[in-house]
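Note sheet for the following structure.
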Amino acid sequence: MNSETRNCQNCKKDFIIEPDDFSFYEKIKVPAPTFCPECRMIRRMAFRDHRVLYKRKSDITNKIIFSIFHPKAQVKVWEQDIWWSDKLDGLDYGIDINLNESFLSQIKKLFHTVPLPSQTGWDMIDSDYSAGSSDLKNCYLVFVTTSAENCSYSAELNIVKNSMDVTRIDSSELCYQSFALTKCYRSFFSSHCENSMDIWFSRDLVGCSFCFGCTNLRSKKYCIYNKQYSKEEYEKLISSFNLGSNKTISEIKENTKDFIKKSIRKFYDGRSNVDISGEYINNSKNTFSSYYVNQVEDSKYIQLFFTPKAKDCYDCSLWGANTELSYECSSIGSNCYDIKFCCRSYKGAQNCEYSLYCIGCSHIFGCSGLKNKQYCILNKQYKKEQYEELVPQIIKHMNDMPYVDSKGRIYKYGEFFPLEFSAFPYNDSIAQEYFPLNKEEAIKQGYIWFEKENRNYQIDINTENIPDDIKDVDDSIIGKVIECDHHNKENHQKLSCDNSCTEAFKIIPEELQFYKRMNLPIPRLCPNCRHYERLAQRNPMKLWHRKCMKEGCINEFETSYAPERQEIVYCEKCYQQEVY
């Protein structure tokens with residue numbers, strides 16, 4: 001079988017389908033896609049909320065509740081505990097198949113009828129203001145996380161304790177304002193480090209401890225800007241820095257920025273891999289064009305599978321834990337098998353197609369809000385024999401009478417849900433973090449967009465009035481409304497900021513305790529702006545073909561470092577020869 005070049009019906013750009021891709025499609029009995037890989041990925045990500053909670057009315061109790069769904073979203077929402085209880089039986093909403101209407105239109109009607117849980121997650125203890133997570137304890141505004149305790153203002157964590165303002169952290173503790181860490185302890189303002197402790201303002205450290213402003217070190221101790229010191233010299237120099245001062249922290253961050261940017265970089269970030277391509281890949285094999293995955297094998301076009309493990313999957317985004325043989329899905333995990341064109345199907349789901357928010361189900365097609373059901377179509381129960389007879393007829397019907405969206409895009413069997421099916425506006429979805437659009441661009445492409453609601457608040461503390469040193473801060477700051485530094489102090493008009501700035505924020509008691517314990521200054525930015533400040537250290541979900549920049553090396557590779565960037569990018573062999 002040969003490669004084929006096709007034209008994406010969304011962005012109108014050409015894309016290539018390789019022989020191995022065709023083999024996978026044949027294996028799971030689906031046609032080749034009509035959207036290019038990037039458009040498919042963005043479409044799936046637009047179905048996933050990220051770091052948002054709203055107040056809205058419950059559609060069962062009429063109480064005001066916190067929800068991941070915007071009050072304007074055209075869906076019914078129940079409190080999470082009620083949704084998980086026996087009060088909801090998705091079969092009560094079952095409808096007959098109508099061969100005079102496109103099947104996806106019928107799914108859309110069902111999706112807007114069956115209640116959804118106000119938040120997604122389970123095993124949450126004292127973590128009411130978090131979502132998209134499991135196994136949380138004493139967490140506040142933590143999202144897309146598996147197992148965390150005493151954490152706040154964070155996202156994409158796995159087995160993390162006593163940390164704050166961190167993103168994409170695994171098996172770590174006592175970390176702050178850091179990104180992409182694995183097995184780290186006491187890491188501050190650092191990124192892309194592993195098995196390291198007591199590190200500050202550093203990047204690309206492995207097996208290091210007591211390092212400050214360092215990069216590309218291996219198994220080193222007591223280093224400042226990559227210069228070796230004795231234990232006594234190091235401790236004396238570090239103690240001379242007033243790290244509890246915001247002014248000092250700001251100056252050090254600026255000083256280390258250029259030093260780290262000028263350091264060499266390996267063409268991708270990842271370890272213990274065999275035959276892969278992409279970025280942020282670890283412990284994986286035969287995995288291509290993928291981003292931020294762990295323990296993934298024989299897969300392609302996978303993004304944000306940060307909890308292990310997955311095998312034989314194509315075009316799946318978010319979560320992933322123990323997923324196998326799945327295609328074109330968003331937010332699946334927890335022992336899933338053979339899932340196609342689904343969103344939020346998990347907890348042992350198997351053989352599911354075109355379903356949303358279905359838990360522990362098997363052999364379902366076009367369902368919404370089912371729990372532990374089998375052989376259902378449009379939430380209606382069938383016998384096994386009936387189900388197996390009807391599914392091929394539905395697939396034929398989807399091809400004979402496809403859904404056509406508002407922009408004229410055609411959705412036959414084999415495509416994920418249309419963009420307009422998402423319950424989330426584009427600006428609330430995780431797609432906005434990786435592929436930001438303004439309102440006009442989003443609407444032009446057919447996405448939903450909700451304007452930010454006006455917030456009524458009175459600033460108690462302007463940025464310039466926050467004490468510079470944490471030692472001068474007392475408990476009176478708790479609960480005060482603090483102005484974000486990205487907000488104009490004179491006329492209260494937001495400055496140029498694309499970070500979904502909340503303009504103001506508060507300090508909670510646990511947060512102040514953390515700053516006092518770690519000797520860290522009070523932040524000057526709101527949690528959203530701090531989050532985007534960390535994301536600035538992240539490489540994009542794009543690959544460029546480049547050559548190794550080491551003189552004399554002829555190796556070539558696919559990398560997420562764009563050619564115009566100033567970093568010096570090496571192949572793996574040259575990088576390993578250069579690191580200390």
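For this structure, a couple of remarks:
- Hey, PHE424 touching a residue at least 12 places away in the same chain (Cβ under 8 Å), in contact with a strand residue (DSSP E or B) (Cβ under 9 Å, 6 or more places away or on another chain) and over 22 Å from CYS501 (Cβ atoms) or not: no
- LYS471 vs. criteria basic (Lys, Arg), at pLDDT 95 or above, closer than 30 Å to ILE28 by Cα and out of contact with any Lys or Arg (no Cβ under 8 Å at 6 or more places or on another chain): no
- Qualifying residue in segment 167-189 (condition: closer than 22 Å to LEU512 by Cβ, among the aliphatic types (A, V, I, L, M) and part of a strand (DSSP E or B)): yes
- Filtered residues of segment 148-181 (kept if at pLDDT below 95 and among the polar types (S, T, N, Q)): ASN158
- When LYS300 is tested against (1) within 19 Å of the chain's Cα centre (by Cα); (2) closer than 22 Å to PHE22 by Cβ; (3) crowded, with 24+ Cβ neighbours inside 10 Å, just one condition goes unmet, and that condition is (3).
Table: residues versus (1) of a type in the set (A, V, I, L, M); (2) at pLDDT 95 or above; (3) under 19 Å from the mean Cα position of the chain (by Cα).
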residue: ASN255; (1), (2), (3): no, no, no
residue: GLY278; (1), (2), (3): no, yes, yes
residue: SER289; (1), (2), (3): no, yes, yes
residue: CYS313; (1), (2), (3): no, yes, yes
residue: ILE339; (1), (2), (3): yes, yes, no
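- Among the residues of this structure, ASP474 does not count as one that is closer than 30 Å to LEU512 by Cβ, touching a strand residue (DSSP E or B) at 6+ places or on another chain (Cβ under 7 Å) and not aromatic (Phe, Trp, Tyr).
- Residues within segment 115-145 that are β-branched (Val, Ile, Thr), surrounded by 22 or more Cβ atoms within 10 Å (Cβ to Cβ) and touching a residue at least 40 places away in the same chain (Cβ under 8 Å), tallied: 1
- Of all residues in segment 545-580, those being under 20 Å from LEU205 (Cα atoms) and of a type in the set (A, V, I, L, M, F, W, C) number 5.
- In segment 1-47, residue surrounded by the most Cβ atoms within 10 Å (Cβ to Cβ) [restricted to those that are within 18 Å of ILE302 (Cα to Cα) and of a type in the set (Asp, Glu)]: ASP21
- Scan of segment 75-104 for residues that are at pLDDT 95 or above, of a type in the set (S, T, N, Q) and surrounded by 14 or more Cβ atoms within 10 Å (Cβ to Cβ), ordered by number: SER102
- When the residues of segment 316-330 are filtered to those that are more than 15 Å from the chain's Cα centre (by Cα) and assigned to a strand (DSSP E or B), the one that is nearest to ARG43 (Cα to Cα) is GLU328.
- Count of residues meeting criterion [part of a strand (DSSP E or B), at positive phi and surrounded by fewer than 22 Cβ atoms within 10 Å (Cβ to Cβ)] in segment 271-291: 3
The values are calculated or read from the model by the stated rules, or taken from the named source; none is laboratory data. On a predicted model such as this, the values are computed, not experimentally measured, just so you know. All Cβ positions, even for glycine, are placed from backbone atoms using ideal geometry, and neighbour counts span all protein chains on display.
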